[in-house]
1. Is there a residue in region 44-59 that is surrounded by fewer than 14 Cβ atoms within 10 Å (Cβ to Cβ), under 18 Å from PRO320 (Cα atoms) and out of contact with any helix residue (DSSP H, G or I) (no Cβ under 8 Å at 6 or more places or on another chain)?
2. Here are some residues: PHE103, PHE63, PHE82. Which one is surrounded by 16 or more Cβ atoms within 10 Å (Cβ to Cβ), under 28 Å from SER332 (Cα atoms) and over 26 Å from the mean Cα position of the chain (by Cα)?
3. Which one is nearest to the chain's Cα centre (by Cα) among residues in region 34-60 that are at pLDDT 90 or above and of a type in the set (Val, Ile, Thr)?
4. Name the residues in region 207-259 that are among the polar types (S, T, N, Q), in contact (Cβ under 8 Å) with a residue 40 or more places away in the chain and either outside any loop (DSSP other than H, G, I, E, B) or closer than 15 Å to TYR38 by Cβ (or both), would you?
Amino acid sequence: MKVLHLPYNPAGQMSSQALALRKAGVQASFCTYGESVYKYPTDIRSPIAHVYGAKRISAMDHFAREALQQYDLFHFHGGLTFSNSYQYPDLPLLEGKKKIMNFWGSEVRRLSIAETNNPYIRVKLTDEAAIEERLKKLSAHFEHVIVPDYEIFEYVNEYFENVHIIRYVVDHEGIVPHYPAVDSTRPLIVHAPSEPYLKGTEFVCAAIEQLKTKADFDFRLVQNMPHSEAMALYKDADIIVDQLCLGVYSILSIESMLHGKPVITYIRDDLRERYPADLPVVSANPDTIEETLLHLLQHPEERYRLGVEGREYAVKHHSPEKIAQELLEIYSKL
C-alpha cells in the first residue's frame, strides 16, 4: 500500500504520521504545499513552489492527476485536499479513491459550540457559516475522518459517519529527558506559543510579572524559530507552559513531557476523563495560572515527579509505533 499525506503540516503532525507509518513498513510519502517558519521535514517537493498566479491551479491539478495514478490511499490534513482550496474543485477526481481527512483544530473549531463548556475559549476563524459549508461539502465525499481529541470531535461528529480519534504522534527516539533538578535555586519557566492569542500568552506574561516579587526564577518566551532549535531549548526548562484557553493539551505538552518537564496547560474538566487516567499534565486557566506556577516554583520535588511521569505517559500514548498501528487499523476500513 502506498499512502500520500498532504497538503498541510500542522505542528509537524502530517510528516510525523507519515514517518511513523514508514517505521511500520508502509510506503508513506508526504507533501507540504506551503513553507513554515518551524522548518518541519519535507519529502515531496510542493507542486506550487515558485509557481504563482493562475499557473498554481494547473500545477496542483497536474500533481493531483499524477498522484492518483501512483498512490493507493490519500490522507488529507487540515480540511484541505489537492486543490488547497475550500472550494474543493478536485473532489470529483477523488470519487472511488481510498481517502480520509484529518482535522486538527482551528479549521473546524466554532465558538458557538466551544463556549458552552469553556469560558476561556478563543477561535481563529469566526465565520461559522463558512466552516459549516466546508464540512457539508467534505461530508458528501468522506465517510471517515480523524481528529486528535474529543474537543475537535465535537465540531465534526454531526457531519461524518465515522469519526476516529488518533492522538498526536511525537517520536521519543532522540529526545533525551532532562528532569528538573530538585536543588535548582532559580527555575526556568518556558512558554512557546505558536499562536499567542489562541494560547493565552498575555495571561502567562501577566502572571510572570506578578510572580517576580514572590519567587526567584527566569522566564523565556520562545517564538518564531525552527522547531529543532526550540526543542533544544526545552531541555533547560524546569516548567513549561503550553496553553490556557483551548481546554486540551497539544504538541508542545507532549514534547515537553518527553523532555522530562512538568507541563501546565488548561484541560477542560469534562474532557479530562476522556484522557488516559495517568495524564500528569497540570491544568491551569487564565484565572489560576499565577497560583499554579507559584506552587510548582515552591515544590521542586513535584516538578521532578511530574517530569518522570510525563515522560512515561508521552512514550506510552504518543509513540510512532502506537499511532502507526491505529492509523493502519482505520486504513483497513476505507
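The values are calculated or read from the model by the stated rules, or taken from the named source; none is laboratory data. No experiment lies behind these values; they were computed from the predicted model shown. Methodologically, a virtual Cβ is constructed for each residue, glycine included, from the backbone with ideal geometry; neighbour enumeration extends over all protein chains shown.
1. Of region 44-59, the ones surrounded by fewer than 14 Cβ atoms within 10 Å (Cβ to Cβ) are 45, 49-50, 52-55, 58.
Those still in the list that are under 18 Å from PRO320 (Cα atoms) too: none.
No, region 44-59 contains no residue that is surrounded by fewer than 14 Cβ atoms within 10 Å (Cβ to Cβ), under 18 Å from PRO320 (Cα atoms) and out of contact with any helix residue (DSSP H, G or I) (no Cβ under 8 Å at 6 or more places or on another chain).
2. Numbers: PHE103 fails: over 26 Å from the mean Cα position of the chain (by Cα); PHE82 fails: over 26 Å from the mean Cα position of the chain (by Cα).
One residue alone meets the criteria, PHE63.
3. Top of the filtered list is ILE44.
4. Step one: filter region 207-259 for residues among the polar types (S, T, N, Q), giving 210, 213, 223-224, 228, 243, 250, 253, 256.
Then keep just the ones that are in contact (Cβ under 8 Å) with a residue 40 or more places away in the chain; that gives 210, 224, 228, 243, 250, 256.
Of everything in region 207-259, those that are among the polar types (S, T, N, Q), in contact (Cβ under 8 Å) with a residue 40 or more places away in the chain and either outside any loop (DSSP other than H, G, I, E, B) or closer than 15 Å to TYR38 by Cβ (or both) turn out to be GLN210, ASN224, SER228, SER250, SER256.
Listed here are the residues, each with its yes/no results for (1) surrounded by 15 or more Cβ atoms within 10 Å (Cβ to Cβ); (2) under 30 Å from HIS164 (Cβ atoms); (3) of a type in the set (D, E, K, R).
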{"position": "VAL281", "(1), (2), (3)": "yes, yes, no"}
{"position": "PRO286", "(1), (2), (3)": "yes, no, no"}
{"position": "LEU297", "(1), (2), (3)": "yes, no, no"}
{"position": "ARG311", "(1), (2), (3)": "yes, yes, yes"}
{"position": "LYS322", "(1), (2), (3)": "yes, yes, yes"}
